[in-house]
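This report refers to the structure that appears directly beneath it.
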Amino acid sequence: MFDERLSRDIGGQDVLCDSVEQRLFGQALETGERIAPADGPVTWTTHADLAEAAAIILADEARFDGPTPPLNAPNALDLGDIADILTELTGRTIRRVVADDSEWTATSIAHGVPADQATMLLGMFQAARRGEFATTGGELENLLQRPATPLRSVLEAAINQR
């Protein structure tokens, strides 16, 4: 039973799809569950915000002397937080279901994800657990001279495009 639910959420190629919908939703909008390994907070920062910040930095090479500070959204959310936002936006309960690492990896591989990629994806969840994607700061918003695009707005737009 759990393997079947996990299989629906992984959906083989969907794991590797480079879209907000698949990375954050999985099959949650259809099944009511977002199944993935344990994760941790991530500063979900839009490509558009980062591209705008990069353009600003490139136009003013003297802006930073040395390494660029982290350019991240001001808050970090985990998949449980995202499930809560999806619940609010859709009016349908979306549950966060934590899958066992080895079971999730084996199911991913069984659905066509190459083993090395499944292992790499699992490593991203493990890194999130360790807090490696949780760095927040104000430098992005300082560069943009506006608030960073909230993940809630990105999710709402993706839902409205379905």
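Structure notes:
- Number of positions in the range 43-66 that are in a loop (DSSP other than H, G, I, E, B) and charged (D, E, K, R): 4
- Some residue of the range 44-53 being open to solvent by less than 50 Å² (accessible area, probe 1.4 Å) and either of a type in the set (Asp, Glu) or modelled with pLDDT of 95 or more (or both): yes
- Test: residue in the range 97-106 that is of a type in the set (A, V, I, L, M, F, W, C) and either under 16 Å from the mean Cα position of the chain (by Cα) or within 11 Å of residue 40 (Cα to Cα) (or both): yes
- Any hit, the range 151-158, residues being assigned to a loop (DSSP other than H, G, I, E, B), more than 21 Å from residue 58 (Cα to Cα) and within 14 Å of the chain's Cα centre (by Cα): no
- For the range 95-117, taking the residues that are part of a loop (DSSP other than H, G, I, E, B) and at pLDDT below 95, the one that is surrounded by the most Cβ atoms within 10 Å (Cβ to Cβ) is identified as 113.
- From 123, 66, 91, 137, residue being of a type in the set (Gly, Ala, Ser), surrounded by fewer than 16 Cβ atoms within 10 Å (Cβ to Cβ) and in contact (Cβ under 8 Å) with a residue 24 or more places away in the chain: 137
- Any hit, the range 67-85, residues being part of a strand (DSSP E or B), modelled with pLDDT of 90 or more and under 22 Å from residue 153 (Cα atoms): yes
- Residue check for residue 151: modelled with pLDDT under 95 and open to solvent by less than 70 Å² (accessible area, probe 1.4 Å): yes
The values are calculated or read from the model by the stated rules, or taken from the named source; none is laboratory data. This one's a predicted model, so the numbers in the text were calculated from it and none came from an experiment. Reconstructed Cβ throughout: ideal geometry from the backbone, glycine too, with neighbour counts over all protein chains shown. Note: areas computed on protein heavy atoms with side chains; ligands, DNA, RNA excluded. Shrake-Rupley method; radii C 1.70, N 1.55, O 1.52, S 1.80 Å.
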